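Asker: To start, I am sharing the structure in question, which I have written as C-alpha cells.
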Amino acid sequence: MALRNALDELPGVELVDLEPDASRRLRTALKVAQLRWSPNGSGVTSPWRWSRTWSRITQRDVARAAEREQVDAVLQIGDLAIIDAPSWVYQDLTYASLLPFFGRSKHATGPLQPGLTRQVLERKVAEQREFYEHAAGAFAMSEWLATQLVREVPCPVTVVYPGRNTEPPPASSADDERRATRPRRLLSIGVDFYRKGIDLVADAVSVLRSRGMDVELTIAGPTAWPDGRPMAPGVTFLGSVPPAAVPNLYAAHDVFVLPSRFEPFGIVFTEALAAGLPVVARDAFAMPEIVRPAENGALVPTDCEDAAVVADGIEAVISDLAMFERVAAARASAASTFSWGSAAARMRSVMVDALGT
C-alpha cells in the first residue's frame with residue numbers, strides 16, 4: 001500500500017488496481033479444502049495460495065482486468081499472472097532462492113512458508129521461471145536477490161531498495177547524547193523468534209552481563225515467549241506491538257540487534273538507521289548492503305550460532321562511541337535512501353524508458 005501511494009503521487013501516472021476478484025466464499029472454500037498439518041510441526045495450516053486452483057484463478061482474473069482496463073504497463077508485487085501488457089515484478093525473494101533453505105529446522109528458517117512442501121515449492125519454481133520468460137523486467141529489493149535473478153531469468157533486473165514501514169522518530173539531542181556517552185539499551189524487533197536470531201541476542205545479553213557490562217534488551221514482535229526457554233535477567237519481552245509504537249521503541253534504545261538466520265531484505269534495519277541506531281546483523285543475504293562494519297554497525301559471521309560471537313559484535317559497537325555520532329549524522333541519508341518515494345520514482349523511470357514514452 002505504501003508503494004502504491006507513492007506511485008500515485010508521481011506526476012503523469014494513472015493507477016489502476018488489477019485485483020483477483022474471487023469471492024470471499026471461494027477463498028474460504030479453498031482454505032478449508034487445503035487444510036493439513038504443517039510439515040514443520042507447527043500445527044494446522046492451509047497452503048491454499050500455492051494451489052494450482054488459486055494460480056489459475058489469479059491468472060484468469062488479472063489477465064482479464066488488464067485487458068479490460070487497457071493498461072500500458074503492469075507492476076506486480078510478486079508474480080501473479082502472465083499477461084499481454086508489458087509487466088514488471090517487484091520481489092524480495094524467489095522460490096528458487098528459497099529452495100536451498102527448505103527443510104532446515106525452525107532455528108534456521110522458521111515458518112517461512114507454512115504448509116509448503118518440497119513438491120509444491122519445486123512446482124512454484126518452474127511456474128516462476130515461466131513467468132519471468134514473459135516479463136518485461138524485474139525489480140529486486142536487493143543486490144543479493146538481483147545477483148541470483150541475473151543468473152536465472154532472461155528479463156532485465158533492476159535493484160530498487162524498499163521504503164520503511166514506519167517513520168523515524170524526531171531527532172533528539174538527548175537521545176543522541178545518551179547513545180554517544182553510555183549506550184546500553186539493546187532492541188530486537190521481529191515476528192519469528194528463531195528465524196530472526198532473537199534467541200542468540202537474548203543469550204548474548206547474558207554473556208555481556210557476565211563480562212560486567214550493564215546492558216538491557218527489549219524484544220518486540222513475537223506473539224509469545226518460546227515454551228521452555230527461561231527469561232534471562234536484563235531482558236524485557238513486549239510481545240506483539242502495533243506499528244505506531246515502533247518509532248518510540250527506536251527512540252528509547254541505543255543499538256538494534258537482529259542476526260537473522262534467513263532475511264530476504266530486512267526493512268527494520270533501515271528503520272533503525274533512520275532513527276539513529278547502529279545495527280548488529282548477520283553477514284548474509286541483503287544485510288551487508290545495509291550494515292557496514294565499523295561505520296554503522298557490525299556483522300556476525302554467516303553461519304554464526306555462538307552467542308558469545310554475537311556479544312562480541314554488540315560490544316564492538318557499544319565501545320565505538322564515535323560510531324553513534326556517525327549514525328546520528330547519517331539519519332537523513334538513510335531515510336532518503338530507503339523510502340517508498342525513491343522506490344516509486346526509480347520504478348517509473350525504468351518502466352517509462354523501456355516503453356519509450
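Asker: What is the distance, in nm, between label points placed 7 Å from the Cα along the Cα-to-Cβ direction at Ala245 and at Ala345?
Answerer: So the two model labels end up 3.5 nm from each other.
Asker: Oh, and also: Pop a pseudo-label 7 angstrom from the Cα along the beta-carbon direction at both Ala33 and Thr53 and give the gap in nm to one decimal.
Answerer: If labels sit at Ala33 and Thr53, their model points lie 0.2 nm apart.
Asker: So for the stretch 194-252, averaging the separation of alpha carbon pairs under 8 Å that are six or more residues apart and normalising by length, what relative contact order in percent results?
Answerer: Details: 49 pairs, mean separation 18.5, N = 59.
About 31 percent, as a whole number.
Asker: On the protein heavy atoms, probe 1.4 angstrom, tell me the percent of accessible surface of the chain carried by carbon and sulfur. Working shown, then result.
Answerer: On the way: 8610 of 16900 Å².
Of the solvent-accessible surface of the chain, carbon and sulfur hold 51 percent.
Asker: With a/c under 1.5 counting as rounded, go ahead and sort the stretch 157-295 into rounded, prolate or oblate using the C-alpha gyration tensor (a ≥ b ≥ c being the square roots of the eigenvalues; past the cut-off, prolate if a/b is larger than b/c, else oblate).
Answerer: On the way: a/c = 1.43, a/b = 1.15, b/c = 1.24.
Judged from the Cα gyration tensor, the stretch 157-295 comes out rounded (a/c under 1.5).
Asker: Given charges of +1 on the Cβ of Lys and Arg and -1 on the Cβ of Asp and Glu, with all other atoms neutral, how large is the dipole of the chain about its Cα centre, in debye to the nearest 20?
Answerer: Values: 37 positive and 43 negative charges, 240 e Å.
It comes to approximately 1160 debye.
Asker: Here's something else I'd like to know. For a label point 7 Å from the Cα of Phe101 along Cα→C-beta, name the residues of the stretch 168-206 whose backbone N is under 20 Å from it.
Answerer: Residues 188-202 qualify, since their backbone N sits under 20 Å from the label point.
Asker: Let me ask something additional. What distance in nm separates the simple spin-label points at Thr147 and Thr302, each placed 7 Å from Cα in the Cβ direction?
Answerer: Going by the 7 Å Cα→Cβ label model, 0.8 nm.
Asker: Continuing with this model, one more query. Which whole-number percent gives the relative contact order of the chain, counting Cα pairs below 8 Å spaced six or more residues apart? Working shown, then result.
Answerer: On the way: 617 pairs, mean separation 57.2, N = 357.
After rounding, I find 16 percent.
Asker: Also, I was wondering about something else. Consider the candidate values (1) 127; (2) 142; (3) 323; state which one is volume of the Cα convex hull per residue in Å³ computed from the structure displayed.
Answerer: (2)
Asker: Work out how much length Ser210 to Val13 would gain on full extension: take 0.36 nm times their residue separation and subtract the Cα-Cα distance, in nm to one decimal. Let's see the in-between values first.
Answerer: On the way: separation 197, 0.36 × 197 = 70.92 nm, distance 5.76 nm.
Length gained, Ser210 through Val13: 65.2 nm.
Asker: Want the number for Asp84 to Thr223: 0.36 nm per residue separation, take away the alpha-carbon distance, what's left? Don't jump to the answer; show the numbers that get you there.
Answerer: Details: separation 139, 0.36 × 139 = 50.04 nm, distance 4.29 nm.
Extra length from Asp84 to Thr223 when fully extended: 45.7 nm.
Asker: Figure the gain on full extension for Ala232 and Asp72 (residue separation times 0.36 nm, minus the Cα-Cα span) and round it to one decimal in nm.
Answerer: On the way: separation 160, 0.36 × 160 = 57.60 nm, distance 5.67 nm.
The Ala232-Asp72 span can extend by a further 51.9 nm.
Asker: What accessible area per residue comes out for the chain, rounded to a whole number of Å², with a 1.4 Å probe?
Answerer: Working: 16900 Å² over 357 residues.
Here the per-residue accessible area is 47 Å².
Asker: Ok, one more. Roughly how many Å is it from the Cα centre of the stretch 176-231 to that of the stretch 271-307, as a whole number?
Answerer: Here the answer is 15 Å between Cα centres.
Asker: Let me ask something else. Rounded to the nearest 5, what is the percent of antiparallel bridges among the DSSP beta bridges in the chain?
Answerer: Numbers: 2 of 31 bridges.
Given both bridge residues lie in the chain, the antiparallel proportion sits at roughly 5 percent.
Asker: Considering the dipole of the stretch 269-335 built from charges on the beta carbon (Lys and Arg +1, Asp and Glu -1) around the Cα centre, which of Val280, Ala332, Cys304 is farthest to its positive end?
Answerer: Looking along the dipole axis, the top candidate is Ala332.
Asker: Just read off the accessible area of Val257 with the full protein assembly in place, 1.4 Å probe, to the nearest 10 Å².
Answerer: 0 Å²
The values are calculated or read from the model by the stated rules, or taken from the named source; none is laboratory data. Every value quoted in this text rests on a predicted model; they were computed, and no experiment measured them. Because the Cβ atoms are built from the backbone with ideal geometry, glycine has one as well, and the counts that use them run over all protein chains shown. The accessibility values were calculated without ligands, DNA or RNA, using every heavy atom of the protein model including side chains. Shrake-Rupley method; radii C 1.70, N 1.55, O 1.52, S 1.80 Å.
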